[in-house]
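K.L.:
Please see the structure below; I have some questions.
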Amino acid sequence: MFLCNLKSPCFKCVVIIAMVVAYPLIAISSGAWDNLLENPGFENGTTGWQVYGGGTLSAVGTPVHSGSSAGALTSNNAVMKQIYQVIRVSPGEHYTFSGYAVKNDSDIEMIYLRISWYESEDGFGDEISHIDSSWLTSDNPDYRLLTVNGTAPSTAHSAKGRALLKPYSTTSAIAYFDDLSFEGPAPTPEPTPTPAPTFTPYPTHTSTPIPTSTSTCTPTPVPTANPTATSGSTPTDEPTSTPACTLTATPTSTPKPTTGSTPTPTLTSTPASTFTATPTADPTPTPVSSATYTPTLTSTPQSTPLPTSTPTSTATPTPTSTLTPTPSTTPFPVSGSDIVINEFQYDAIQAGMDAAFEWLELMNQTARTIELEGWRIEDNYEDDEIPKLQLPAGGFAVVATGTGFYDNFPSFSGDIVFIADGTIGNGLSNSGDRLYLVDSTGKVIDAVSYGNDEVVFSPSCRDVAEGHSLERQPAGFDTDQASDFVDNGTPTPGSGLASPTPTLPPTKAPTTTATPAPTLPDTSAKENIVTPTATPTVTPTSGASLTATLTPRPTDLFGSVLNVTPTVSPTPTSTETPSANQTPAIPEGSASPWLYLVILIMILTWMVAQTLYFRHRTQG
């Protein structure tokens, strides 16, 4: 109810009515922002869109949400894919990123939208933070709306509107996007600064000589009246006119220039010379009808005035400062194994949620420094931008989730950067996960999986205990297999492991069997003649072999009884494989043929000895 008469409302009522009417209009107009994206519905193909993660973007005619085209993002590996545009934003302003997407492929884990904020105006450098939309995880052939909105941080001057596809595996998969929009106030163009006036030095005065006017009198002959003869008196001539002097400008040598203010000299005209005729005494006047008298005039010159130096402005070119462009670092192409994930810890000693203590170590295996700008690290859920860093030749750098890293490694003093949102992906799982190192072009440089995740390695790196790390041994060793990594109970961030010292098997020394030399008998006495001991050579077998040595007693060789005592000596086992020309080994427990031959010879020898003995007795 108004407090005044409506026919003549007071000022307060007018203001209240104006605010009530204007408020809805202001609210409507404030939400009607322009779409800051270029080619949001892919009606002009893929113009304006960039692809990251190795995917392929194309414009298709079906399925579409509106218009005649939509964007199809194809994945052929297990790395996160995204299409994006860079948009300039104003700090502190509110922005909304939305669009329609189709997830109808079982090889796609999820689809969602993201806004990433950057301090630079071109979307480069370190990411300040990001916000995500809800996820599409179920399959549906229809387009579904995704929306994410947020306020630009106070230091943000650009944003990336990203549409992301997370695949399950390396199997080919396709997602569709259409009618994307990024709405919010466009940044106010900064006024073009008025260029500062360029200082122009004063012109150099160059003296241009002006010809000096020198008075040169050229007498002009004037007819002289005939003299009048006066008797007895001095003839008097009629007064004649003074010859006029004609000034002729004669240039003189160039004078020295005067840099200061030179006073203009005043030219003093030379007075005309007065001619006085001196008559000759008693002249005889001879009338001359046309006598002309030419007097000789002596000109009394005045001092020649100095010329006035007229300053001539000679334009001196203003020196233009030539800006020498700062040489930009040309990025070297990075190939596989140039930079590797050398070590990582996914299960810190802290109990519960330990994502704030996770870290990984990168190693540069090249002989040059490599700048990591726009590189990303990704797990099985999402990716994070690695802050810009210089990785020295042969050096290491740690990428950690936060300063909690120093709780476990207080003496660390190497190169380290921290993930903006405080987690690697959505936090590394203690039971199994994967890591991808992706460069600024979306190329996968290195990857590893562990535990129950066998997407990268199959079998994957084994799950390690709490407080341990997985590390390559030796440092940088990369054969794209899980065996490249070892369980390190004492993590070494910022340095690598050396090659393990190989353990050599013990060398078995060969056993030498000494062969005894035969003992020769003393032949000086017939009684001391002893038959030499026969030692047969036995071929060694794989088992234990026996060497039989017959040792006859040296007692009465001519007695009636010859006692033979076999001595059995064990021979060391030989592991050598007999060659084809060697004598086959004698089975254990069987008699050697040589043994029988020796016994036969000894029997024959005994018989001959007995015969000789009896013949000697009978003849004696």
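Derivation of every value follows stated rules applied to the coordinates shown; laboratory data play no part. The structure displayed is predicted, hence computed values, not measured ones. All Cβ positions, even for glycine, are placed from backbone atoms using ideal geometry, and neighbour counts span all protein chains on display.
K.L.:
Would you mind getting me the FRET efficiency between A465 and M353? Use the beta-carbon distance for r and R0 = 25 Å, nearest 0.05.
P.N.:
0.85
K.L.:
Once the Cα atoms of the range 334-380 are picked out, what are the Rg and Dmax in Å?
P.N.:
Answer for the range 334-380, Rg first and Dmax second: 13.6, 41 Å.
K.L.:
Local charge sum around L497 (other residues, Cβ-Cβ under 9 Å, Lys/Arg +1, Asp/Glu -1)?
P.N.:
Net of charged neighbours comes to -1.
K.L.:
Compute the FRET efficiency between S134 and Q481 as 1/(1 + (r/R0)^6), taking r as their Cβ-Cβ distance and R0 = 35 Å, and round to the nearest 0.05.
P.N.:
0.35
K.L.:
In addition: Given a Förster distance of 25 Å, report the FRET efficiency between T147 and S68 from their Cβ-Cβ distance, rounded to the nearest 0.05.
P.N.:
0.55
K.L.:
How are the Cα pair distances of the range 74-191 distributed, in percent, across 5 Å bins from 0?
P.N.:
P(r) for the range 74-191, in whole percents per bin: 2, 12, 21, 21, 16, 12, 9, 5, 1, 1, 0.
K.L.:
Given the pairs K160/K388; K166/K388; K103/K160, which span a C-alpha to C-alpha distance of over 20 angstrom in this model?
P.N.:
K166/K388; K103/K160
K.L.:
Counting other C-beta atoms within 10 Å, and keeping those with at most 14, which DSSP coil trypsin sites (Lys or Arg not before Pro) do you find in the range 375-453?
P.N.:
K388
K.L.:
Let me ask something else. Hey, what's the per residue convex hull volume over the C-alpha atoms of the range 421-487, in cubic angstrom?
P.N.:
With only Cα atoms used, the range 421-487 gives 112 Å³ per residue.
K.L.:
Ratio to report: Rg/Rh of the range 369-470, with Cα atoms as the point set and Rh obtained by the Kirkwood method; give two decimals.
P.N.:
0.96
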